[in-house]
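Here's the structure, in structure tokens; my notes come after.
Quick note: the coordinates plus some simple rules give every number you see, no bench work behind them. Small disclaimer: the values here were computed from a predicted structure and weren't measured. Heads up, the Cβs are rebuilt from the backbone with ideal geometry, glycines too, and the neighbour counts pull from every protein chain shown.
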Amino acid sequence: MMLENKVALITGAGGDGVGRTAALMFAAEGAKVVAADLNLAGAEETVRLIKEAGGEAVAVEANVSIAADAQKMVTVAVESFGALHIAVNNAAKATPSVGITDIKEDDWDLCIDITLKGVWLGMKYQLPAIEAAGGGSIVNISSESGHKGQAFQTAYAAAKGGVIVLTKGAAAEYAKRGVRVNSVSPGGINTAGMKFYLNSIDEDIRQQTLNTNAFGRFAEPEEIANVVMFLGSDKSSYVTGDDYKVDGGVSIKSYLL
Ligand SMILES: NC(=O)c1ccc[n+]([C@@H]2O[C@H](COP(=O)([O-])OP(=O)(O)OC[C@H]3O[C@@H](n4cnc5c(N)ncnc54)[C@H](O)[C@@H]3O)[C@@H](O)[C@H]2O)c1
């Protein structure tokens, strides 16, 4: 199995999206999983699903934007499973969709605190623990919007752009210390929230939205988690400081097709 004898911490693992999907896939490949989420009941459900499938996991209630919680996630991994080898910093929060001049300062702060500061705080405690374990890998989840910017989600896009650059600096500092750090930038993902949104808009707008990528469809969470798993595993041993776009070919999309 790809992740046998590895301990993996995943934030935002209590929802129905990439976090839980990656947690289940990591566990199926032999990793012992720490499922962290602000929503403890959601993280516990992820753990229940992992155990039901024969895997090992523990849930932890944690707000990634609080230093003590970021430290607690790592402590739980080490105390429960003896070490930490892989971390996926997946939790994020957008603002309400409004123009840049209408963003409320509190919404800006909350978005940046969770989406950008949360990734830094996560790595602050994960990097020394992974180094102490003899090395491993961190995967930070960015977004297509971190490359392109995003109208009406400017704070979120700025935070995601920050995640890509933060990843590169951390990777440079830790390459010779055994820890690889990369980011993954998804495009639209078929989470329950996204399906609800797509079902709430007119058919022509839905088709235009889906046609922003080359496939004309959004990703299943598994299609993002597969790349996260590759980067988290030793299969990507010569990859660090990179960003993997998993956006269905947004940049090569032609208006003719
Ligand atoms: N959904 C998309 O279309 C999309 C597109 C591009 C990028 N992304 C990014 O991909 C990642 C996964 O997104 P997803 O939609 O699959 O969601 P997800 O289900 O993987 O993650 C959401 C979970 O994060 C938790 N969370 C929120 N704030 C938290 C905090 N402060 N501390 C700890 N946990 C917290 C929530 O409780 C929820 O359970 C995110 O980083 C997101 O920004 C998503």
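Quickly rank 3-15, 164-176, 59-71 as a protection proxy: mean count of other C-beta atoms within 10 Å, highest first.
Packing proxy ranking, top to bottom: 3-15, 59-71, 164-176.
Could you work out how far helix 67-81 tilts from the main Cα principal axis of the chain, as a 0 to 90 degree angle to the nearest 10?
50 degrees
Can you tell me the mean projection area, over all orientations, of the convex hull of segment 177-250's alpha carbons? Units nm², please.
5.5 nm²
What do you get for Rg/Rh over the chain if you use C-alpha atoms and the Kirkwood form of Rh?
Rg/Rh: 0.96.
If I model a spin label as a point 7 Å beyond the Cα along the Cα-Cβ vector, how far apart are those points for Leu210 and Lys168 in nm?
About 3.5 nm, to one decimal.
Quick check for you: which residues of segment 57-91 have the amide N under 15 Å from the point 7 Å beyond the Cα of Ala132 toward its beta carbon?
70-86
Tell me, what are the semi-axes, in whole angstrom and largest first, of the equivalent ellipsoid of segment 1-127 as set by the roots of 5 times the Cα gyration tensor eigenvalues?
For segment 1-127, the semi-axes come out at 28, 15, 11 Å.
Working out 0.36 nm times the residue gap between Ser237 and Met1, then minus their Cα-Cα distance, what length gain in nm do you get to one decimal?
Stretched fully, the Ser237-Met1 segment lengthens by 83.3 nm.
Please report, for the Cα atoms of segment 108-195, the Rg to one decimal and the Dmax as a whole number; what are they, in angstrom?
Radius of gyration, then largest Cα-Cα span, for segment 108-195: 14.1, 43 Å.
Ignoring everything except DSSP H segments at least 4 long, calculate the 222 nm mean residue ellipticity for the chain; use -39,500 (n - 2.57) per segment, divide by total residues, nearest 500.
Mean residue ellipticity at 222 nm (helix-derived): -14000 deg cm²/dmol.
7 Å from Cα along Cα→Cβ at both Asp109 and Arg217: what's the point-to-point distance in nm?
The two pseudo-label positions are separated by 4.4 nm.
Starting from 0.36 nm per residue, how many nanometres of slack lie between Tyr255 and Glu79 once their C-alpha separation is accounted for?
58.0 nm
Using C-alpha positions alone, give me the convex hull volume of segment 113-257 per residue in cubic angstrom.
It comes to 118 Å³ per residue, whole-number rounded.
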